[in-house]
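Notes follow once the structure below has been shown.
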Amino acid sequence: MHAIIETGGKQYRVAPGDVLRVEKLEGEIGSEIELPLRAVFKEEGQLVAGADLAQATVKGTIVGNGRGKKVLVFKFKRKKQYKRTIGHRQDFTEVKVGDILV
């Protein structure tokens with residue numbers, strides 16, 4: 001069984017036991033969270049719809065928080081002697097997917 005969840009403006013395909021990096025979430029390490037659900041698929045690949053989907057939930061546990069690798073942003077305008085280099089590190093939260101309850 002797997003599910004499609006949405007968090008941080010992105011959608012992820014998850015199954016029980018998966019660990020994924022998502023946009024930073026509020027909560028302490030080890031705390032339980034409930035992830036917003038878009039779709040659930042059974043083992044045979046059948047889509048769960050209707051009243052069953054409204055009751056379905058995905059439970060997860062926050063495993064860790066961190067920051068990604070630095071991405072360099074370089075701005076340049078030719079013939080104007082304009083150059084700027086800045087870096088960006090995106091915050092993330094690692095979530096371990098627990099049960100998909102239907």
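The values are calculated or read from the model by the stated rules, or taken from the named source; none is laboratory data. Since we're looking at a predicted model, the values are computed, not measured. Virtual Cβ from ideal backbone geometry, glycine too; neighbours counted across all protein chains shown.
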- Name, by its number, the condition in (1) exposed (fewer than 14 other Cβ atoms within 10 Å of the Cβ); (2) within 14 Å of residue 102 (Cβ to Cβ); (3) in contact (Cβ under 8 Å) with a residue 40 or more places away in the chain; (4) aliphatic (A, V, I, L, M) that does not hold for residue 54. (3)
- Item | Pick from the stretch 43-89, criterion in contact with a strand residue (DSSP E or B) (Cβ under 7 Å, 6 or more places away or on another chain) and either part of a loop (DSSP other than H, G, I, E, B) or among the acidic types (Asp, Glu) (or both), ranking: nearest to residue 16 (Cα to Cα) | 56
- Per the list (1) modelled with pLDDT of 85 or more; (2) surrounded by 14 or more Cβ atoms within 10 Å (Cβ to Cβ), residue check on residue 26 breaks on (2)
- Query: Can you name every residue in the stretch 62-102 that is surrounded by 13 or more Cβ atoms within 10 Å (Cβ to Cβ), within 20 Å of residue 29 (Cα to Cα) and not aromatic (Phe, Trp, Tyr)?
  - Reply: 62, 63, 64, 65, 90, 93, 94, 95, 96, 97, 98
- Message: Can you tell me how many residues within the stretch 90-102 are in contact with a Gly (Cβ under 7 Å, 6 or more places away or on another chain) and part of a strand (DSSP E or B)?
- Response: 6
- Residues of the stretch 23-42 being over 18 Å from residue 99 (Cβ atoms) and part of a strand (DSSP E or B), which ones? 23
- Item | Neighbours by Cβ (under 7 Å, 6+ apart or cross-chain): first from the stretch 1-28, touching a residue at least 24 places away in the same chain (Cβ under 8 Å) and within 12 Å of residue 41 (Cα to Cα); second among the basic types (Lys, Arg) and part of a loop (DSSP other than H, G, I, E, B) | 1/42
- Message: Tell me whether the stretch 36-59 contains one or more residues that are hydrophobic (A, V, I, L, M, F, W, C) and modelled with pLDDT of 95 or more.
- Response: no
